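Input: a single structure, listed below in C-alpha coordinates.
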Amino acid sequence: MVITDKLPLPPKYPTKLKDIGDHLLKRRCDLKLYQSQVAKIMGVSTDTVTYWENKRSQPQIYLYGKVIKFLGYNPYLNEIETFGNKVKNYRFVNSLSKKKLARLIGIDPTTIKKLEEGWGKPQKASRRKILNYFKTIL
(Lines give C-alpha, C1' and ligand atoms only; values in the text may rest on other atoms or scores of the structure.)
Protein backbone atom coordinates (compact mmCIF):
# COMPACT_ATOMS: atom_id res chain seq x y z
CA MET A 1 0.00 0.00 0.00
CA VAL A 2 1.40 3.37 -1.01
CA ILE A 3 0.69 6.21 1.38
CA THR A 4 0.74 9.75 0.09
CA ASP A 5 0.98 12.97 2.01
CA LYS A 6 -2.03 14.31 0.18
CA LEU A 7 -5.13 12.33 0.96
CA PRO A 8 -8.10 14.18 -0.47
CA LEU A 9 -10.61 15.41 2.08
CA PRO A 10 -13.75 13.31 1.92
CA PRO A 11 -16.90 15.00 0.66
CA LYS A 12 -18.41 14.57 4.12
CA TYR A 13 -15.52 16.18 6.04
CA PRO A 14 -17.20 17.35 9.25
CA THR A 15 -17.24 21.03 10.02
CA LYS A 16 -19.42 20.48 13.11
CA LEU A 17 -18.66 17.63 15.47
CA LYS A 18 -22.08 16.28 16.35
CA ASP A 19 -21.25 12.68 17.24
CA ILE A 20 -18.35 10.30 17.66
CA GLY A 21 -18.26 9.44 13.95
CA ASP A 22 -17.62 13.10 13.11
CA HIS A 23 -14.81 13.32 15.68
CA LEU A 24 -13.13 10.18 14.31
CA LEU A 25 -13.48 11.19 10.66
CA LYS A 26 -12.08 14.66 11.27
CA ARG A 27 -9.12 13.35 13.27
CA ARG A 28 -8.35 10.67 10.68
CA CYS A 29 -8.44 13.20 7.85
CA ASP A 30 -6.38 15.74 9.80
CA LEU A 31 -3.73 13.06 10.38
CA LYS A 32 -3.96 11.97 6.72
CA LEU A 33 -4.64 8.35 7.68
CA TYR A 34 -6.59 5.68 5.88
CA GLN A 35 -9.42 3.88 7.63
CA SER A 36 -7.31 0.73 7.60
CA GLN A 37 -4.55 2.54 9.52
CA VAL A 38 -7.00 3.80 12.14
CA ALA A 39 -8.45 0.30 12.39
CA LYS A 40 -4.99 -1.09 13.13
CA ILE A 41 -4.38 1.59 15.80
CA MET A 42 -7.72 0.79 17.46
CA GLY A 43 -7.49 -2.98 17.06
CA VAL A 44 -10.71 -3.24 15.05
CA SER A 45 -11.61 -4.02 11.45
CA THR A 46 -11.61 -1.43 8.68
CA ASP A 47 -15.36 -2.00 8.32
CA THR A 48 -15.83 -1.04 11.95
CA VAL A 49 -14.12 2.32 11.41
CA THR A 50 -16.23 2.83 8.27
CA TYR A 51 -19.42 2.11 10.24
CA TRP A 52 -18.43 4.55 12.96
CA GLU A 53 -17.68 7.31 10.48
CA ASN A 54 -20.91 6.67 8.56
CA LYS A 55 -22.88 6.62 11.82
CA ARG A 56 -24.04 3.05 11.32
CA SER A 57 -22.67 2.04 14.73
CA GLN A 58 -20.90 3.43 17.78
CA PRO A 59 -17.74 2.23 19.50
CA GLN A 60 -18.41 -0.17 22.35
CA ILE A 61 -17.43 0.93 25.82
CA TYR A 62 -14.36 -1.28 25.96
CA LEU A 63 -12.95 0.80 23.07
CA TYR A 64 -13.63 4.24 24.58
CA GLY A 65 -10.12 4.48 26.01
CA LYS A 66 -8.61 3.82 22.57
CA VAL A 67 -10.96 6.34 20.96
CA ILE A 68 -10.00 8.99 23.51
CA LYS A 69 -6.30 8.24 23.04
CA PHE A 70 -6.59 8.41 19.23
CA LEU A 71 -8.51 11.70 19.33
CA GLY A 72 -6.29 13.25 21.98
CA TYR A 73 -9.33 14.42 23.97
CA ASN A 74 -12.52 13.02 25.45
CA PRO A 75 -15.50 13.64 23.15
CA TYR A 76 -17.82 11.98 25.68
CA LEU A 77 -17.31 14.66 28.34
CA ASN A 78 -20.34 16.58 29.41
CA GLU A 79 -19.98 20.29 29.93
CA ILE A 80 -21.37 20.28 33.47
CA GLU A 81 -18.77 19.15 35.99
CA THR A 82 -20.99 17.21 38.38
CA PHE A 83 -19.74 14.26 40.40
CA GLY A 84 -21.90 11.99 38.22
CA ASN A 85 -20.19 13.31 35.08
CA LYS A 86 -16.79 12.82 36.67
CA VAL A 87 -17.70 9.20 37.37
CA LYS A 88 -18.88 8.80 33.76
CA ASN A 89 -15.67 10.39 32.46
CA TYR A 90 -13.61 8.00 34.60
CA ARG A 91 -15.59 5.05 33.21
CA PHE A 92 -15.11 6.15 29.62
CA VAL A 93 -11.39 6.90 29.91
CA ASN A 94 -10.86 3.50 31.53
CA SER A 95 -13.25 1.66 29.18
CA LEU A 96 -15.43 0.43 32.04
CA SER A 97 -19.08 -0.48 31.85
CA LYS A 98 -21.39 0.63 34.65
CA LYS A 99 -21.57 -3.00 35.76
CA LYS A 100 -17.79 -3.42 35.89
CA LEU A 101 -17.22 -0.16 37.78
CA ALA A 102 -19.99 -1.07 40.23
CA ARG A 103 -18.32 -4.44 40.79
CA LEU A 104 -14.95 -2.74 41.44
CA ILE A 105 -16.55 -0.37 43.96
CA GLY A 106 -18.79 -3.02 45.52
CA ILE A 107 -22.16 -1.41 44.78
CA ASP A 108 -25.18 -2.08 42.56
CA PRO A 109 -24.83 -0.97 38.89
CA THR A 110 -28.13 0.91 39.20
CA THR A 111 -26.42 3.23 41.67
CA ILE A 112 -23.84 4.18 39.02
CA LYS A 113 -26.61 4.77 36.48
CA LYS A 114 -28.58 6.97 38.89
CA LEU A 115 -25.46 8.90 39.86
CA GLU A 116 -24.46 9.59 36.24
CA GLU A 117 -27.98 10.57 35.23
CA GLY A 118 -28.50 12.80 38.26
CA TRP A 119 -31.36 10.85 39.87
CA GLY A 120 -31.16 11.65 43.55
CA LYS A 121 -28.30 10.67 45.82
CA PRO A 122 -26.91 7.21 46.58
CA GLN A 123 -27.59 5.79 50.02
CA LYS A 124 -25.06 6.57 52.72
CA ALA A 125 -23.22 3.21 52.51
CA SER A 126 -22.98 3.36 48.70
CA ARG A 127 -21.90 7.00 48.78
CA ARG A 128 -19.12 6.11 51.24
CA LYS A 129 -17.91 3.22 49.03
CA ILE A 130 -17.91 5.45 45.93
CA LEU A 131 -15.97 8.24 47.64
CA ASN A 132 -13.47 5.78 49.15
CA TYR A 133 -12.91 4.15 45.75
CA PHE A 134 -12.21 7.47 44.04
CA LYS A 135 -9.96 8.64 46.88
CA THR A 136 -7.78 5.56 46.38
CA ILE A 137 -7.40 6.01 42.62
CA LEU A 138 -7.23 9.80 42.29
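The values are calculated or read from the model by the stated rules, or taken from the named source; none is laboratory data. Everything numeric in this text was worked out from a predicted model, so none of it was measured. So basically every Cβ, Gly included, is an ideal-geometry build from the backbone, and we count neighbours across all protein chains shown. To get the accessible areas, we keep the full protein, side chains included, count just its heavy atoms, and leave off ligands, DNA and RNA. Shrake-Rupley method; radii C 1.70, N 1.55, O 1.52, S 1.80 Å.
Values as computed for the structure displayed
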| item | result |
| --- | --- |
| Charge-dipole axis of the chain as Lys and Arg at +1 and Asp and Glu at -1 on Cβ define it, positive-most pick from Tyr73, Leu115, Gln60 | Leu115 |
| Total charge dipole magnitude, the chain, about the Cα centre, Cβ charges on Lys, Arg, Asp, Glu only, Debye to nearest 20 | 600 |
| Potential extension, Ser45-Asn94 segment - 0.36 nm per residue separation minus Cα distance | 15.5 nm |
| Degrees between helix 124-137 axis and first principal axis of the chain (Cα, 0 to 90, nearest 10) | 50 |
| Cα long-axis angle, helix 83-93 against the chain (0 to 90 degrees, to the nearest 10) | 40 |
| Accessible surface, 1.4 Å probe, highest first, among residues Asp108, Asp19 | Asp108, Asp19 |
| Simple label model, 7 Å out from Cα along Cβ direction - Phe83 to Thr15, nm | 4.3 |
| 24 Å Cα-Cα threshold exceeded, pairs from Lys55/Lys86; Lys32/Lys55; Lys16/Lys99 | Lys55/Lys86; Lys16/Lys99 |
| Cut-off 13 Å between beta-carbons: net charge of the residues surrounding Arg28, Lys and Arg +1, Asp and Glu -1 | +2 |
| DSSP loop GluC sites (Glu not before Pro) with at most 11 other Cβ within 10 Å excluded, longest remaining stretch of the chain | 1-78 |
| Relative contact order of the chain, defined on C-alpha pairs under 8 angstrom at six or more residues apart (%) | 15 |
| Distant-in-sequence amide H partners of Tyr76 (H built 1.01 Å from N, under 5 Å) | none |
| Per residue, in Å², the accessible surface of segment 52-132 once ligands and nucleic acids are set aside, probe 1.4 Å | 64 |
| Carbon/sulfur fraction of accessible area - the chain, other protein chains in place, 1.4 Å, % | 53 |
